[in-house]
Amino acid sequence: LFRPLIERHFEAARSDGGSRVAAVALRIEEEPLGKGKERAEFMSLDSGDAIRVTWNAIASLWALSQGVARLSRRMFDANRKKVQRLGVDDDPEIRRGLDSLELARRFRTEDVPAGAATADKWPSWAPTIDAAPSPESDDATGLHFFLGALDWILRHELAHIVLNHAQREIAGEITYMACETEADIKATRWLKGSLQSDQERVLGGRSEEHTSELQSPRNLVC
């Protein structure tokens, strides 16, 4: 259901990376590499020819995004209305949001076999999996968060290849943490593109440049 959408976003990320990653493939697989603290769900291969992602990681990121979408909206509205406390009985989507965070944790820490990931076994308390939800819905906001996060992660992994981190780290030219920082900065700059702050913008409004940027398919989900 999500593979075509993910592959389109990978193509956009790869385009940002330029010729250095033009031939890099996206491999979506079941099993992570390593165990425990060394477990890798998103990674660029040292060979530099592929980015490897697990379905568990994708599912966890999606569920997390759905939870954040529901909880952040209610928290924002409550703050605006000066509501001091929210409870799970105030709105069924608050409970669904909390359940989504738990689902994200389970996908992140427990390997779910492919045979178990079927529609009839999907928990009734979780948001419905939908790659094209109704606009303005919690599901749509969650998908927006998911794709925005995925866009950044894919660019982060491609940045490792563009910056030749595997070879530079082996040669002792750079530390592991310095590699991660460099990849963070590169991914953020790619994703930001030409977007700039507008000092003349009215509080609560959008600049004309920002509005036009958001009309492109790439920026609708970033």
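Ratio of Rg to Rh for the chain: 1.00 [Cα atoms; Kirkwood radius as inverse mean 1/r over pairs].
Computed extension length for His144-Thr128: 4.3 nm, one decimal, from 0.36 nm per residue of separation with the Cα-Cα distance subtracted. Model label points for Asn79 and Ala50, set 7 angstrom from Cα along the Cα-to-Cβ axis, are 4.3 nm apart.
Need one number: nm distance between label points at Val202 and Thr109, each 7 Å from Cα along Cα→Cβ, rounded to one decimal. In this crude spin-label approximation the distance works out to 4.9 nm. Couplings 3J(HN,Hα) of segment 169-183, computed from phi: 6, 4, 6, x, 7, 8, 7, 4, 5, 5, 4, 5, 5, 4, 5 Hz, in residue order, whole Hz [Karplus 6.51 cos²θ - 1.76 cosθ + 1.60, θ = phi - 60°; x for Gly and Pro]. Taking 7 Å steps out from each Cα toward its Cβ at Leu101 and Ala166 produces label points 3.7 nm apart. Across segment 1-74, the mean sequence separation of Cα contacts (distance under 8 Å, 6 or more residues apart), normalised by length, yields a relative contact order of 23 percent. Rounded to 0.05, the FRET efficiency of the Ile185 and Ile28 pair, given R0 = 25 Å and the Cβ-Cβ distance, is 0.45. Relative contact order of the chain: 22 percent, from C-alpha pairs under 8 Å at least 6 residues apart in sequence. Summary of packing: across the peptides 96-104, 125-133, the per-residue average of other C-beta atoms within 10 Å ranks them, highest first, as 96-104, 125-133. In a fully extended conformation the segment linking Glu11 and Ser72 would gain 19.0 nm over its present Cα-Cα distance, using 0.36 nm per residue.
Rule-based calculations on the coordinates, nothing more; no lab input. What you see is a predicted model, and the numbers here were worked out from it, not measured in a lab. Note: ideal-geometry Cβ built from the backbone for every residue, glycine included; neighbour counts use all protein chains shown.
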